[in-house]
Amino acid sequence: MNLNDPLPVRMIAFFNRVTTDREAALEDLTHVYARDIHFISPVVDSSGIDVFAESWRRAFRQYKMFVFKNLAYTGDEQRFTLTYEMHIRFAFGPVFVTQMATECEANGEKLVATCRDYFDPLGSLLGAFPPLSWVYKKLFGLVVA
């Protein structure tokens, strides 16, 4: 990772390294994220680099496959959104593909201070099972659309 690169580029480098190096990539966390990082997603709301690092370690324990694809960003070094696909697989079973968007805001040190993930947890799980995914989309469409 080139520390002179803009923050969104460093973040993409970190995600690419997670894909290839798994836990070893965590040594780069402090080159991308602030010590007081506030991380929010549909399933978690936490603060602090140690808690954030532990969430990554837990993911590495849970997922035998943990791959990021099609990484891209829009915005600038202060505020940007990273979009990508996350491909995961547990010890057995299918590969789950989750379409992700991560909204980031930097601090004065050019590190991500606030990070909010957007994804559909239930839709992502059901996506590996086409008949269930179809039912989910139909039911959700009746309620929302």
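The values are calculated or read from the model by the stated rules, or taken from the named source; none is laboratory data. Every value quoted in this text rests on a predicted model; they were computed, and no experiment measured them. Note that we place each Cβ from the backbone using ideal geometry, even for glycine, and neighbour counts take in every protein chain shown. With ligands, DNA and RNA removed, areas are computed over all heavy atoms of the protein, side chains included. Shrake-Rupley method; radii C 1.70, N 1.55, O 1.52, S 1.80 Å.
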Answer yes if at least one residue in region 15-32 is hydrophobic (A, V, I, L, M, F, W, C) and in contact with a His (Cβ under 6 Å, 6 or more places away or on another chain), and no otherwise.
-> no
Scanning region 36-49 residue by residue, those without any contact (Cβ under 8 Å) to a residue 60 or more places away in the chain and not polar (S, T, N, Q) turn out to be Val44, Asp45, Gly48, Ile49
Could you list all residues from region 50-80 that are over 18 Å from Ile40 (Cα atoms), small (Gly, Ala, Ser) and under 14 Å from the mean Cα position of the chain (by Cα)?
-> Ala72
Residue list for region 12-35, filter: of a type outside the set (Ser, Thr, Tyr), touching a residue at least 12 places away in the same chain (Cβ under 8 Å) and over 18 Å from Asp117 (Cβ atoms) | Ala13, Arg17, Arg22, Glu23, Asp28, His31, Arg35
Go through Ala128, Ala113 for me and flag whichever is modelled with pLDDT of 90 or more and open to solvent by less than 50 Å² (accessible area, probe 1.4 Å).
-> Ala113
